[in-house]
Amino acid sequence: MNTVSRWIKNARPVSLTQSLLPALLAVVLGLGFPGFNVWMALLAVAGVVCVHFAMNLADDYFDYRADMMGARDRVIRKGFRAMTEKYPYLTDGSETPASLMRAIVCMLGVALVCGAGIFVFRLYGNGFGGPQGCWWIVAVAALAGFLGIFYSAPPFKFGYRGLGEPVIGIIFGPLLMTGCFYAAAGCVSSEVLWLSAAVGLLVMNILYTHSFIDIAGDEESGKMTLARLLRTDAQRIAAAWAVNLLPYLLVVGAAVFGYLSPFYLLVLFVLPRSLWLCGSLRDFAHGQTGAPDMPPLILGNIRNWDRYKAKGIAWFMLRWIASRNITGGFCAILILAKLLTLIF
């Protein structure tokens, strides 16, 4: 158990918001459908968590191979800011690349077992072909696996070619939520397709915010991100506004035209957080790269703030956690909205 807990810690559970809440949202969206099965729902959520942990560890593995920390040290020596809290368990020698690869394989193995259980259950009930056949599981798993593996791995290395942000948005939005919804309910609905697109954009925003504020470190290491592909600050700020506001426009538009319940308009309560983040990224691009003594209350709960300040990474964590909390708040309100539709 000590080994398991150690690797869970190394896999950065703080990032689980971008997978766990969309997965739970997809499960809640499946409530009320005739084929809903709570055990399949739990298997799907467990599989998602394992895949997310494996992806985080794989990202560490390939970043370590590329000497990402060495690049960030060079950036700091040049007088720029760069995020330096990256795979500490490798740099301090407590783990090795070989043990890291074993952990990745084990987590993927557990996820595969969860997926196999869901596939067998839905194959028995739905068959393989047809509009609601369990070919959905194969299609979603195959595409998510391909994108997840080659996010960091050669020869594609999407995360190093400016495609990492949209790839993560697709994996943790439409693919994750469609897969979890099908596992839980045994079908696919237009409701989950609309909402998964909005959630995917906000998950993409988490990674985009990361690359926006760590552009100097990525440039030194040769890692091409979406923020680096956009050559000017004006373009980067415009992209931040687009990625932050489009999810709300999707939900509002779908509700106005009758594709979603009006209860989903409650997500507009999260909009002030997105407006704050866009303003903060604009200020960051204009040289205001610091962090306040205390984080703004509008961002929600930010734990370990004193530790971030002591380590000198509060400037990074403030904006990254803001993007994470936007996604969390958005999903939480969508869950509440779905429950309200079931009650009323």
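The values are calculated or read from the model by the stated rules, or taken from the named source; none is laboratory data. Bear in mind the structure is a predicted one, so any value in this text is a computation, not a measurement. When we count neighbours, we look across all protein chains shown, and the Cβ atoms used for this are built from the backbone with ideal geometry, even at glycine. Calculation scope for accessible area: heavy atoms of the full protein, side chains included, ligands and nucleic acids excluded. Shrake-Rupley method; radii C 1.70, N 1.55, O 1.52, S 1.80 Å.
Couple of notes before you dig in:
- Residue in the range 209-236 that is least open to solvent (accessible area, probe 1.4 Å), counting only those that are acidic (Asp, Glu) and in a helix (DSSP H, G or I): Asp218
- Pairing residues of the range 97-118 that are more than 19 Å from Tyr87 (Cα to Cα) with residues that are open to solvent by 30 Å² or more (accessible area, probe 1.4 Å) and of a type in the set (Val, Ile, Thr), at Cβ distances under 6 Å and at least 6 apart in sequence or on separate chains, gives Ala111/Val51.
- Close Cβ contacts (under 6 Å, 6 or more residues apart or on different chains) running from residues in the range 1-16 that are under 15 Å from Val51 (Cα atoms) to residues that are part of a helix (DSSP H, G or I) and of a type in the set (A, V, I, L, M, F, W, C) comprise Trp7/Ala103; Ala11/Phe53; Ala11/Leu57.
- Boolean, Pro22 is farther than 18 Å from Ala116 by Cβ and surrounded by fewer than 18 Cβ atoms within 10 Å (Cβ to Cβ): no
- Residue count for the range 168-197, restricted to those that are open to solvent by 10 Å² or more (accessible area, probe 1.4 Å) and within 14 Å of Leu260 (Cβ to Cβ): 6.
- Enumeration of residues in the range 309-336 that are within 18 Å of Gly173 (Cα to Cα) and more than 17 Å from the chain's Cα centre (by Cα): Ile333, Ile335
- Condition met for Ala239 (open to solvent by 50 Å² or more (accessible area, probe 1.4 Å) and in a helix (DSSP H, G or I)): no
- Pairing residues of the range 295-319 that are open to solvent by 20 Å² or more (accessible area, probe 1.4 Å) with residues that are among the hydroxyl-bearing types (Ser, Thr, Tyr) and in a loop (DSSP other than H, G, I, E, B), at Cβ distances under 9 Å and at least 6 apart in sequence or on separate chains, gives Lys311/Thr84; Gly312/Thr84.
- Filtered residues of the range 148-157 (kept if surrounded by fewer than 20 Cβ atoms within 10 Å (Cβ to Cβ) and in a helix (DSSP H, G or I)): Ile149, Phe150
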